[in-house]
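I have placed the structure first, in the form of structure tokens, so that the comments after it can refer back to it.
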Amino acid sequence: MEAFFYVVPSLMIAGVLFVLHRALRRTRQVNAAWNSGVTAEGRCLRTYTRTSGGGDSPVRTTLHHVHEFTARDGRSVRFDEGGGPGTTLEGDVVTVYYVPDRPEGATALTPRRGALMAGAGCMTAFCAVFIAFCVGFMAVAHTMFSVGGDLLP
């Protein structure tokens, strides 16, 4: 029974760290694309929405765009990006920012470094608080079990 109070929070921490890693990796990709100074003319091939949630949780809808552009080396690169502007429609011409060595990490988002860093900072802060809560929960459980107490009546 004690293991339950250690394993579940540890799995939750691992999940949060994975999500944080993915979010910060994408933040670095977008920032590198903006900083590279390399742009190309791209085209929006498709727009669609992805919904999640429902039932007891709120429904969240994210607008996605599928863009295609030709990199400097002549390769045709297609990428899917979520969170773009609702004013971009299929067939629209967009400016694509990318790093020449890694064009698959391209973005068609307009450079907004402050918003990007604020989002990354908020995500990091949220994850840190969540992890601190899980560690605190495990510490309380450890204290209760080590003094001979029982967490459950």
(request) Considering (1) more than 22 Å from GLY114 (Cβ to Cβ); (2) at pLDDT 95 or above; (3) of a type in the set (D, E, K, R), say which one ARG22 fails and leave the rest. (result) (1)
(message) So in the stretch 34-48, with the set limited to residues that are out of contact with any Phe, Trp or Tyr (no Cβ under 8 Å at 6 or more places or on another chain), of a type outside the set (Lys, Arg) and surrounded by 10 or more Cβ atoms within 10 Å (Cβ to Cβ), which one is nearest to ALA108 (Cα to Cα)?
(response) CYS44
(message) Exactly one condition in (1) touching a residue at least 24 places away in the same chain (Cβ under 8 Å); (2) farther than 20 Å from TRP34 by Cα is false for PRO100; which is it?
(response) (2)
(message) As an exercise: evaluate GLY84 against (1) free of Cβ contacts under 8 Å to residues at least 24 places away in the same chain; (2) part of a loop (DSSP other than H, G, I, E, B); (3) closer than 21 Å to MET123 by Cβ and give the number of the one condition it does not meet.
(response) (1)
(message) Can you tell me how many residues within the stretch 87-111 are in a strand (DSSP E or B) and either under 19 Å from the mean Cα position of the chain (by Cα) or closer than 22 Å to ARG22 by Cα (or both)?
(response) 10
(request) Output the residue which, of all residues in the stretch 103-126 that are among the small types (Gly, Ala, Ser) and in contact (Cβ under 8 Å) with a residue 24 or more places away in the chain, is surrounded by the fewest Cβ atoms within 10 Å (Cβ to Cβ). (result) GLY119
(request) Could you list all residues from the stretch 35-79 that are in contact with a Ser or Thr (Cβ under 7 Å, 6 or more places away or on another chain) and either under 12 Å from PRO100 (Cα atoms) or outside any strand (DSSP E or B) (or both)? (result) THR39, ALA40, THR70
(message) Suppose we filter SER57, SER52 for residues that are within 24 Å of LEU89 (Cα to Cα) and free of Cβ contacts under 8 Å to residues at least 60 places away in the same chain; which single one remains?
(response) SER52
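The values are calculated or read from the model by the stated rules, or taken from the named source; none is laboratory data. In this text, all values refer to a predicted model and were calculated from it rather than measured experimentally. Cβ sites come from the backbone with ideal geometry, for glycine too, and all protein chains shown count toward neighbours.
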